[in-house]
1. Could we say that residue 125 is in contact with a strand residue (DSSP E or B) (Cβ under 6 Å, 6 or more places away or on another chain), surrounded by fewer than 16 Cβ atoms within 10 Å (Cβ to Cβ) and either in contact (Cβ under 8 Å) with a residue 12 or more places away in the chain or farther than 23 Å from residue 188 by Cα (or both) here?
2. Kindly indicate whether residue 94 is surrounded by 20 or more Cβ atoms within 10 Å (Cβ to Cβ), part of a strand (DSSP E or B) and either more than 15 Å from the chain's Cα centre (by Cα) or in the same structural domain as residue 178 (by TED's automatic domain parsing) (or both).
3. Checking the condition out of contact with any strand residue (DSSP E or B) (no Cβ under 6 Å at 6 or more places or on another chain), under 30 Å from residue 300 (Cβ atoms) and modelled with pLDDT of 95 or more, which residue from 213, 261, 233, 219 passes?
4. Which numbered condition in (1) over 22 Å from residue 79 (Cβ atoms); (2) buried (at least 17 other Cβ atoms within 10 Å of the Cβ) is the only one that residue 268 fails?
5. State whether the residues of the stretch 340-348 include one that is within 27 Å of residue 55 (Cβ to Cβ), touching a helix residue (DSSP H, G or I) at 6+ places or on another chain (Cβ under 9 Å), part of a helix (DSSP H, G or I) and not assigned by TED's automatic domain parsing to the domain that holds residue 53.
6. Restricting to the stretch 26-47, count the residues that are outside any helix (DSSP H, G or I), touching a helix residue (DSSP H, G or I) at 6+ places or on another chain (Cβ under 7 Å) and surrounded by 13 or more Cβ atoms within 10 Å (Cβ to Cβ).
7. Select, from 58, 44, 78, the only residue that is more than 15 Å from the chain's Cα centre (by Cα), more than 21 Å from residue 237 (Cβ to Cβ), in the same structural domain as residue 199 (by TED's automatic domain parsing) and at pLDDT 95 or above.
């Protein structure tokens, strides 16, 4: 039994351990009332940018922008970086939605799609020469399948003239991406950063800016206040085009400080050790099995289990012990559970959950 509710959900997720202290600090500093044109905000933006750059080892030609959500960033990347052709690797609901957005925007979107629960580690695909933006979902939240950083890097090496976009919504900051080998990436804060929803973070390099400016010169619509040239122009002064979610930016910066103090290598190591324990349980249990069969394709941050009995029975039993897990996504919800393995979840909490799952009462 957990003494209080512990959320192993894939987002919104467990709040960061010192969240209450961070909120108190925000209140004491009147963060909710400061002007986004003030020096105080510009200092906050700059510090958040610098801390994120250090955590993710971002190169110098990178811009970081604050938007409403990762869903918005899907649209912004496609508007600003694609005149005609995007190419998408699809293996779940969220990678499929990225593709669907491109279709809805009138782009000539192509996809390589595999079955749910499959990854791309064993796949070799040639990208069409006309592709302007290659859209990769590093961690498919709906199925728990991931694409390795080595695979992502290999695409840029093979297609250096193609812009590479990486959705790292449910894995950042875990994957050790080399940002000199991708062009743009994005995440939202309600997952691995342990914060309430309402902030998307878009990372883009100067090659992306140049592409957006070329489309703009062709009089192709790339959006208005959140077009990449507008965002970048404001970013140079650590400002935003509109009044942003200042509160959320402050909270993110405080979490980044804590992560930097802990060390990204330690965070990645702990994530891998917790994932190893969870997958071991699923492989040995008579009641569960990993949905993703190939170990090379298994996410370290969202673990998806197939269940022998209906997932709502398991979810209800765990909830009685204050352990909150999520159902499978979409059509998979009845016989799957999803377990988030984010930095806010401590090793001892994972061990406690494993014990609960190992002793689940089977009711038929």
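The values are calculated or read from the model by the stated rules, or taken from the named source; none is laboratory data. This structure is a prediction, so every number in the text was calculated from the model and none was measured. Cβ sites come from the backbone with ideal geometry, for glycine too, and all protein chains shown count toward neighbours.
1. yes
2. Taking the combined requirement at face value, the residue does not satisfy it.
3. Testing whether each residue is out of contact with any strand residue (DSSP E or B) (no Cβ under 6 Å at 6 or more places or on another chain), under 30 Å from residue 300 (Cβ atoms) and modelled with pLDDT of 95 or more leaves just 261.
4. Residue 268 satisfies all of (1) over 22 Å from residue 79 (Cβ atoms); (2) buried (at least 17 other Cβ atoms within 10 Å of the Cβ) except (2).
5. yes
6. Total satisfying the criteria: 2.
7. Going through 58, 44, 78 in turn, the sole match is 78.
One line per residue, one yes/no per condition, for (1) surrounded by fewer than 15 Cβ atoms within 10 Å (Cβ to Cβ); (2) without any contact (Cβ under 8 Å) to a residue 12 or more places away in the chain; (3) not in a loop (DSSP other than H, G, I, E, B):
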| residue | (1), (2), (3) |
| --- | --- |
| 24 | yes, yes, yes |
| 49 | no, no, yes |
| 65 | no, no, yes |
| 71 | no, no, yes |
| 80 | no, no, yes |
| 88 | no, no, yes |
| 99 | no, no, yes |
| 106 | yes, yes, no |
| 115 | yes, no, no |
